[in-house]
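Since the structure comes first, as structure tokens, the remarks are kept for the end.
Each value in this text was obtained by applying a stated rule to the coordinates, not by laboratory testing. Every value quoted in this text rests on a predicted model; they were computed, and no experiment measured them. Note that we place each Cβ from the backbone using ideal geometry, even for glycine, and neighbour counts take in every protein chain shown.
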Amino acid sequence: MSEEPEDDPVSAEGSTVETVEDEPRRKPGVVVKADLLPALSVLCLVALLGFPLGWIWARLAPPQESTLNADGELVPVLVESYHEFDGLAIFLLVSLSAGVLTAAALWLLRGRRGPVLLIAAVVGSLLAGWLGTRMGTSFAAGLYPMPQRVRRGDVVEVAPGIDTPAAWLTQPLAVAFVYGLLASWNGLDSLGRHRD
């Protein structure tokens, strides 16, 4: 049996088309060194979001009306103790929306997409949550100052506060979830860092 040589593929114009063997694609690696300085900038900028976060919360959180009892302690009037939960819920909603907007804005930084930017955004959001609770309670204390003299039975407005450090976690979790959702929706190995 004689083997006949395979014919070379021919293009529409009649010339021979060269076939290139498919080389296995290399998956793009994580760029760390080039992303460190932008990631540090993102960390600092996202952490500074704690100032407006705290200011907005202080404006929205309701004060707690309390009365001075015989022991000299401030006791919430009737259902006013629910305002502690209201203040926490408002902070969680404000920080959740800040986390979603932060992740969406960072996704628009096409040339820096990746885990380095995500880690910086999550750490910056954690710092923003901490700073937001500290600054928010300070701003609220300025909005609702304690009167100089309080007699027994007087009703005073007590500034809202956030007592649980778990409130710090809302914004970082929102950033990680939304950024991860956008990355999985993208579907490209390079996350679209480089336009082809």
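Data overview
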item: Nitroxide proxy distance, nm - points 7 Å out along Cα→Cβ at ASP163 and PHE85; result: 1.4
item: Efficiency of FRET from Cβ geometry, LEU93 and LEU48, R₀ 22 Å, rounded to 0.05; result: 0.60
item: Theoretical gain in end-to-end length, ALA104 to GLU73 [0.36 nm per residue, Cα-Cα removed]; result: 6.5 nm
